[in-house]
Amino acid sequence: MNLPASDRFLTVEAYLEGEKDGEVRHEYIAGQVYAMTGASARHNLITGALFASLRPHARERGCQLFVNDMKVHVRQAGEDAFYYPDLLLTCDPHDRATYYRERPCLIVEVLSEGTERIDRREKLFAYTGGLPSLREYLLVTQDRRQVDLYRRTEADWVHEIYTDGLIPLHCLDMELPIEAIYEDAERG
């Protein structure tokens, strides 16, 4: 369980200033900061494969694709939160703050035992409710081939599960093969 790194309330400005040169990354939720943990080799291989698969499509469309160290700023119900998604894609040319983005169209989280509950609940709620630009939220399971895709539709969000084949990503107008996500991680 992630516990706050400090009991004192931090302003957004103090948080952002502290993250510039900090050796440990922290997520920020309504004035509290939470230290981030390291990732496994499998997590890194999956994240790297996703980046490699998505980057050419992102570049074709003039989008920016970030891996691990770019924060996303969510404002919901009058509260600010800053998260570090595993991958963040923004195609809005005006979304260019130095240390965070506010209008992503795709966010990807690679699930781990320590983060799965937060990624499936807290972040799902924050991202889908607090980011009007978000079109797709991808949750990638590490220990088996399973990708959960939450896609914004005209009426609501739709949840789809993929265990093989191609994942349609409307944000990039592409289909992502499951094989490409897990190929390096399954080599051992």
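Laboratory data are not the source of any read-out in this text; all were calculated from the coordinates shown. Given the structure is predicted, the values throughout are model-derived calculations rather than measurements. Every residue, glycine as well, gets a Cβ built from its backbone with ideal geometry; the counts of neighbours run over all protein chains shown.
What is the sum of charges around Glu27, taking Lys and Arg as +1, Asp and Glu as -1, for the other residues whose C-beta is under 11 Å from the C-beta of Glu27?
+1
Please give me the summed charge of the neighbours of Arg151: other residues whose Cβ is under 9 Å from its Cβ, Lys and Arg +1, Asp and Glu -1.
Here the count lands on 0.
Only helical DSSP H runs with n ≥ 4 go in: add -39500 (n - 2.57) per run for the chain, normalise by residue count and round the 222 nm mean residue ellipticity to 500 deg cm²/dmol.
Rounded to the nearest 500, the figure is -7000 deg cm²/dmol.
For a quick protection proxy, order the peptides 136-149, 14-27 by their average other-Cβ count within 10 Å, most packed first.
Put in order of decreasing packing, that is 136-149, 14-27.
Note down the nm distance, to one decimal, between modelled labels 7 Å out along Cα→Cβ at Val12 and at Arg25.
2.0
Give, rounded to the nearest 20 debye, the magnitude of the charge dipole that segment 86-135 has about its Cα centre when Lys and Arg contribute +1 at Cβ and Asp and Glu contribute -1 at Cβ.
160
Work out the P(r) tail for segment 104-188: percent of alpha carbon pairs separated by more than 22 Å, whole number.
25
What list do you get for Phe125, Phe66 if you sort them by fewest beta carbons within 10 Å?
Least crowded to most crowded, the residues run Phe125, Phe66.
Report the net charge of residues surrounding Leu106, where surrounding means a beta-carbon distance below 13 angstrom and charges are Lys +1, Arg +1, Asp -1, Glu -1.
Net charge in that neighbourhood comes out at +1.
Quick one, which of (1) 17.0; (2) 16.3; (3) 17.5 is the actual Kirkwood radius over Cα pairs in Å calculated for this model?
(1)
Pop a pseudo-label 7 angstrom from the Cα along the beta-carbon direction at both Arg55 and Leu166 and give the gap in nm to one decimal.
Inter-label distance under the simple model: 2.3 nm.
What percent do you get for the relative contact order of segment 99-186 when only Cα pairs under 8 Å and 6+ apart count?
22
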